[in-house]
Amino acid sequence: MPSTPSDTRADNPPDTLGRGAPGVRISGLSVVYRTPAGELPAVRGIDLELPPGTITGVVGESGSGKSTLALSLLNAVQPPGRISAGSVEIDGLGDVVTLRGEELRRARGRHVGYVFQAAQNSLNPLKPVGKQLLDLGRSHGVADLRGLVREARDLLGRMGLDGARVLDSRQHELSGGMRQRVGIMFALVLNAHLVVLDEPTTALDMITQATILRIIREVHEERGLTTLVITHDLGVVAEVADRLAVMYGGRVVEQGPTRQVLGEPLHPYTRGLIQAIPRLVGDIGEARALPGRPPTLATIPAAGCVFRERCPLRTDVCVTQEPPEVAHGARLVACHAVEGGTGEDRAGAGNHGGQDGAGEPEGRAVTAGAREEQV
Amino acid sequence: MVLIGVRARPGAIAVARRLAGHLARGLAMILVVTSINFVIIRNIPGDPIAARYEKLVEQGMSPDQAERATAVLYGFLPRGSLWEQYVDYMGGLLTLDLGQSLSTPGAEVTGMLAAAATWTVIPVLAGTLLSFLLGVTMGVYAAIRRSGRLGDVLAISGSLLHGVPQYVLALLLGAIFTTLWPILPGSGTADIMIEPGLTAEYVGSLAEHATLPVLTYALASYGGWILAMKSSVVTVLGDDFILAAELRGLTRGIVFRYVARNAILPLFTILALSLGLLFGGAIFIERIFTYPGLGLLLLDSITGRDYALMGGAFLLITVAIVIANIVADMLYTVIDPRVRSGEESA
C-alpha cells in the first residue's frame, strides 16, 4: 500500500525530500520469531525516537534484540522473524513497516544506509567493489554513473583510503578497517541521510576502531545525518553517541542523553554494565561481571521485568508486573525499583552501595576504560 | 568501461607454474596406474592365447599346427617374462601404440578405442550437460522455494532419482519407451538400413538411437545436480553479503545474479570431475542399449581376456580422470578470484 508519495525517481537524486536529517519515531515496535515453541518476541513494545541530526547509540548484550531493532528500521527483519506490531516513522518516507516491494527496495540504500559489522562479509566476494557500486547505481536508476564513482572515490579518500584502488579490489583484498570504510561509503554514496551502523567497530583493532569512530562522527556532522549505532561496547557509544538506549531481553530498559545515562545510570542493568568494564587505572578487581546470563528468545519471561533474574534490586512486583518506562528528567527508565521517586534521589543506592563506590564514573571515564567485550 | 582501471594480472606466471606442476604429477600418476593395471591384468586367470590354442586342438588340429596358427593369428607369442612384457608395453605407450587386440585379431587397440570413444563421449557429454543445466536451474528453484510445495517436490524427486542406480533407470526407460510405448529404438547407434552419411535421415536416426542412452545419463545424474545446487544456493542465501545487497536496495535481478554466481562455483568442480568419468562410467547403459561405446568395449575385453584392449581402456579412463582433475583445479583458479590471489601471495 502506497503510504507516502516519496519521490524516489532516479533522475533528480538528492534533495527530493527537502533533505537534511530526518527524524525517526519508533513506537510500540514488536518483532517475533517463529520457533517450534510458537512465536517468541525478540523485541517487545519499543518506543524510541531518533531526533534529526543526532547520533543515537543502542547497547545491549548478544540476543538483546538490538540487531533486530536495527533491521526493523529498513523493514528487513529476516524470516522466520516478522514485525508483529508497531511503526517506524521516518521523515519523508512514512511508516516503513507498511512499505512493500519496490517501494521498500528503493527506500533501502537511497534513504536509509545500513552498515554491516566489519567482520561480516558484506560484499560479493566475486566482484570488485567498483562493479558492485555500479550495481548499486543501476538498481537505483542513477543516470550519472561516472558521478557516482567520483562520489565514491571522494568518500573513500576522505576516509583515508586510495579510492581508485579500493574500487578495483575485491573483498578479500581489503583489511577489516578498509571493508568497514567501504561499507560506510556504500551507505552514504546515494546520499542517504539516515544511517544505521550495526556493530561498526567490532572485530577491529583499537587504532582502527578509533579511526572508524572519528570517521563516523565527522561524516555525521559534515553530511547532516541522523545516525543509529548498534553496539555491545559502551566505550563506542560514549565516544560517538548523543543519546543512548540500553536494551535487555528485547526491551529498552533505559534511554536518555549519553552523558547522563553513563554518568549516573539509574537502571540496575545499566549500572551492572558499567561496573563490568575494567579500568585502565585502578584495581582490576573493581570490575564486576554481571552475575547470571542474559535470557534467550525462549527464556525471556512472559510477564514481569525481563531483568529480574539477575537484578540485585528485585522485589515481588518485578515477577508479576512489567515496569513501565517512566520519565526521570530527560531520561526514560523501566524499573520498579527506580520508579516512584523523582529519580534524582538515586533509588536503590542504599541497597548495593557497597559496590557502588564513591564517584560513579563520568561518561569520559568510561571512554578511557579498556573496551573489553565484557558485558 | 573507463571507470575502473584494469590492473595487470601478475598471476599469469603463477598459474603457468601451477599447471606445469599438475602435468608432472599427472604423468607420474598415469605411470603408476598403468603399471598397476599391467600387473593386475596379466594376473587375471584365463589365458586367451592358450584358450585359442586349445580350441584349435579340440577342433582337430595337431598341436604343432595349432601353435603355428595361433602365432599367425596374433602376430606374436608371449613367451617372455612379465618384466620383458612390461618394458615392451611401456615402450609401446610412448609411441601411443597400445598393441593388437586379442579378441579381434588384427585390429589395433588404439583404433578400436577411438571408434568406441565417439559413441561414448558424445552421448555422455550431451547427457551430462543436459542434466547439469536442468539440475542447476531446478536446484535454484528448489532452494528459493524450499519452504513451499514446489521446493519439496523438486528436492524429493532429486533425492529419489539420485538414489536409483543407472542400470535400473536404463531398464525402466527401455521398458517404457521400447515395449510399453514403443516410440524409440532400444539398441544400436542407427538404423542399419540407412546409408551412413551426412544425410538428414541418417543424422535423425543417430539422434533417435541416442535418445534413450542420453536420457538415462541425464536422469541418473540430474538428482545429484539438483541436490548439490540446492544446498549451495541455500548456503549462499544465508551469507551476509546477500542480506547486505538487499539492504542496499539492489534489484532482485542483481541479487539473484550474486546468489547464482556464488552458488554455482563449487559445482563447476564437480562438473569437471564428472566429465572425467565420462570415459568409463557408462558400462551398464551401453550394455543395456547395446550401444557400442567404451563401456561395452571394456566389458567385451574383460570377458574375452583381451589384455591389450583392457589395458588400453583402463589407460584411457586414467588419463581422462587425471586431466579432469587438472582442469577442475585450473578452472577454479580462473573463476574464483580468491583462489587466484591466494596463489599470488603464496
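The values are calculated or read from the model by the stated rules, or taken from the named source; none is laboratory data. Because the structure is predicted, anything quoted here is derived from the model rather than measured. Backbone-built Cβ (ideal geometry, glycine too); neighbour counts: all protein chains shown. Calculation scope for accessible area: heavy atoms of the full protein, side chains included, ligands and nucleic acids excluded. Shrake-Rupley method; radii C 1.70, N 1.55, O 1.52, S 1.80 Å.
Of note:
- Contact order for chain B, expressed relative to its length and based on alpha carbon pairs under 8 Å spaced 6+ residues apart, stands at 26 percent.
- Placing pseudo-labels 7 Å out from each Cα toward the beta carbon at A:THR299 and B:ARG68 gives an inter-label distance of 9.8 nm.
- Heavy-atom accessible area, probed at 1.4 angstrom with all protein chains present, ranks B:GLU286, B:GLU201 as B:GLU201, B:GLU286, highest first.
- Cβ-based net charge around A:THR54, under 9 Å, with every Lys or Arg adding one and every Asp or Glu removing one: 0
- Phi angles of segment B:143-149 translate, via the Karplus equation with coefficients 6.51, -1.76, 1.60 and θ = phi - 60°, into HN-Hα couplings of 6, 5, 9, 5, 9, x, 5 Hz per residue; Gly and Pro are given as x.
- Semi-axes of the equivalent ellipsoid for chain B, computed as √(5λ) from the eigenvalues of its C-alpha gyration tensor and ordered from largest down, come to 46, 29, 17 Å.
- Segment B:112-180: C-alpha gyration tensor shape, a/c 1.5 cut-off, then a/b vs b/c: oblate
- Sum of -39500 (n - 2.57) over DSSP H runs of 4+, divided by residues of the protein assembly as shown (222 nm, nearest 500): -16500 deg cm²/dmol
- Three-way shape call for segment A:162-222 based on the alpha-carbon gyration tensor, with the a/c threshold at 1.5: oblate
- Residue order for A:MET185, B:MET330 - accessible surface, 1.4 angstrom probe, largest first: B:MET330, A:MET185
- The C-alpha atoms of chain B define a longest principal axis, and helix B:307-335 lies at about 20 degrees to it.
- Comparing segment A:61-114 with the 2.2 N^0.38 Å rule of thumb, its C-alpha radius of gyration ratio is 1.12 (two decimals).
- Altogether, the Stokes-Einstein calculation at 10 °C and 1.306 mPa s, with the Kirkwood radius of the protein assembly as shown over Cα pairs as Rh, returns a diffusion coefficient of 51 µm²/s.
- Solvent-accessible area of segment A:190-254 (1.4 angstrom probe, protein heavy atoms only): carbon and sulfur portion equals 51 percent.
- Relative intensity, log₁₀ I(q)/I(0), of segment A:276-335 from a Debye sum that treats every alpha carbon as a point, q = 0.14, 0.19, 0.29, 0.30 Å⁻¹: -0.57, -0.85, -1.13, -1.17
- Global form of segment A:237-318, assessed from the alpha-carbon gyration tensor, a/c cut-off 1.5: oblate
- Look at the stretch B:304-312: the mean tally of other chain Cβ atoms within 10 Å of its residues' Cβ atoms is 0.
- Per-residue SASA entry for B:PHE289, accessible area with 1.4 Å probe, Å² rounded to 10: 10
- Based on Cα atoms of segment B:146-209, Rg over Rh with Rh as the Kirkwood radius reads 1.21.
- For a straight C-alpha distance cut-off of 13 angstrom, the aspartates and glutamates reachable from B:LYS230 (same-chain residues fewer than eight places away being disregarded) are B:ASP152.
- Shielding score for A:124-132, defined as the mean number of other chain Cβ atoms within 10 Å: 6
- Solvent-accessible area buried by A and B, counting both chains, probe 1.4 angstrom, square angstrom: 2900
- The Cβ shell under 13 Å around A:PRO294 holds other residues with a net charge of +3, Lys and Arg each +1, Asp and Glu each -1.
- When DSSP beta bridges are restricted to pairs lying wholly in the protein assembly as shown, around 60% turn out antiparallel.
- Residue ranges B:145-152, A:176-183 sort as A:176-183, B:145-152 when ordered by packing (mean number of other C-beta atoms within 10 Å per residue, highest first).
- Radius of gyration (Cα atoms) of segment B:163-280, expressed as a multiple of 2.2 N^0.38 Å: 1.55.
- Percent of Cα-Cα distances greater than 23 Å, calculated over segment A:154-264: 32
- Measuring only protein heavy atoms, the 1.4 Å probe finds B:TRP119 accessible over about 70 Å².
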